[in-house]
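The values are calculated or read from the model by the stated rules, or taken from the named source; none is laboratory data. Remember, predicted model here, so these are calculated numbers, not experimental data. Please note: Cβ atoms are built from the backbone with ideal geometry, for glycine as well, and neighbour counts cover all protein chains shown.
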Amino acid sequence: MAALMDTRILLRKIKDLRCLTPKRTRVKAKWAATQAKSPATSLALQYFDATYSLQLGQQWPSARAGLLSERKYGALLNSFSHEAVLAELQAQGCRDFVSHTDQEGRGAASAFSPYAGGESEGRMEEESSVSLKKPDSVDQELSPLRLSPNIKCLVFPRGDITRFKAARPDMSGLLGYYLMDAASVLPCLALDVQEGHSVLDLCAAPGGKTLALLQTHSIRFLCVNDASVSRTLRLKKVLHSYVPKELLTNERLRITSLDGTKWGEIESNTFDRVLVDVPCTTDRHALMEEDNNIFNKSRTSERRKLPQLQMELLLAGIEAACPGGEIVYSTCSLSQLQNQYVVEQAVHLAREKHGIHLQVVNLRPLTHMFRKTFHFAPDLHLGEMVLPHLAANFGPIYMCKLRRLS
Ligand code: SAM
């Protein structure tokens, strides 16, 4: 009898509680008509487990743990804003990863031989050795390492997951730093912008890499493009929040919202440097967010077409570069299909369709210099890749640099 009373009291309490809960939130997950049967994030994880475990082997479990954990940011210093910001960030325990490469790294990088083993062969972190396989299909070349001294990106030390505060505007309204994945700065460093260069940023929005390129203070003319009109608007807002008005004039900057795949037809053989930072599966986003997730069932066809779109964008970027010009292709995915295969295919088609001969510039000296900040994939045969890692949770970022020979 007492047990029956207890149950009645319990049921009444539950009923009371239900009255306090607004009706529209009282939905049993399994009954909700809108609840996706297979959330896009779960589909992404299944897909990545199947493909990346084969592609990355032993590296996958640790990259997977990194991808499923909170990412680490870097603060790209805005040299157009007030100078005190650097000291403020340093006082919080951050350091600029670009200038604070260890001297051993710099020395080894300059003496580096791309394919030989022996003394110049670097060590990836403490544990795994670097092994380079020479690709059959593309010609590779090692060139001297030049880094723009003006690009500064501050990060907290390895293992420190402190978050940055939001940047504050200075007296002229410009923000002191831009928060982005610190590994996203690497393709901009790899692009090696020199004094007087004309530069094309083919898929530029929301503009983190554009800002990094502008920090070089070397660009004569910058053309930024993004096919999405709404994202181009965002890019414009970013530029106005970080760059003085006098540098955003038509003589120095052009902002367009065109389909980048057509760029070769619009303006070929023109730019000294071209950044092709393509749309991709954005692996971190695909695992963490349902909104705007490319693994959503309704976007299957779009996802399958990504490698073709990426290849067409890279090919257009190659055509847009002048002979002798350099192109950096980048993604934020670990996928071989979207990375190495796209580059191989574009290099092949550039030669066959347009008679353009390209050389792959070996970026191993660059990754060697930054091996204490990022965890790089040890044995890619084409390009370089930052793998997420719990101790240094940046990336994924893939990059491959090409030089036009003709
Ligand atoms: N570079 C940007 C940055 O650092 O902030 C990120 C670029 S995001 C990875 C890829 C961009 O490509 C998206 O903004 C997307 O709108 C754009 N995009 C997609 N298709 C395009 C096309 N056909 N031509 C040009 N841009 C395109």
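For the condition of a type in the set (D, E, K, R), under 24 Å from SER230 (Cα atoms) and assigned to a helix (DSSP H, G or I), ARG299 qualifies. Within the range 209-220, the set of residues being part of a loop (DSSP other than H, G, I, E, B) and on the phi < 0 side of the Ramachandran plot comprises GLN215, THR216, SER218. Enumerate the pairs (first residue in the range 189-214 and closer than 24 Å to THR101 by Cβ; second residue anywhere and near the ligand (Cβ under 7 Å from one of its atoms) and among the hydroxyl-bearing types (Ser, Thr, Tyr)) with beta-carbon separation below 8 Å, excluding pairs fewer than 6 apart on the same chain, so at least 6 apart or on different chains. Partner pairs satisfying both residue conditions: GLY208/SER184; LYS209/SER184; ALA212/SER184. Close Cβ contacts (under 8 Å, 6 or more residues apart or on different chains) running from residues in the range 289-303 that are at positive phi to residues that are at pLDDT 95 or above comprise ASN292/HIS285.
Of all the residues in the range 179-198, those that are crowded, with 24+ Cβ neighbours inside 10 Å and either closer than 19 Å to LEU235 by Cα or more than 14 Å from the ligand (Cβ to nearest atom) (or both) number 5. Within the range 229-264, being under 24 Å from ALA167 (Cβ atoms), part of a helix (DSSP H, G or I) and either polar (S, T, N, Q) or within 14 Å of the ligand (Cβ to nearest atom) (or both) holds for SER230, ARG231, THR232, LEU233, ARG234, LEU235, LYS236, LYS237, VAL238, LEU239, SER241, TYR242.
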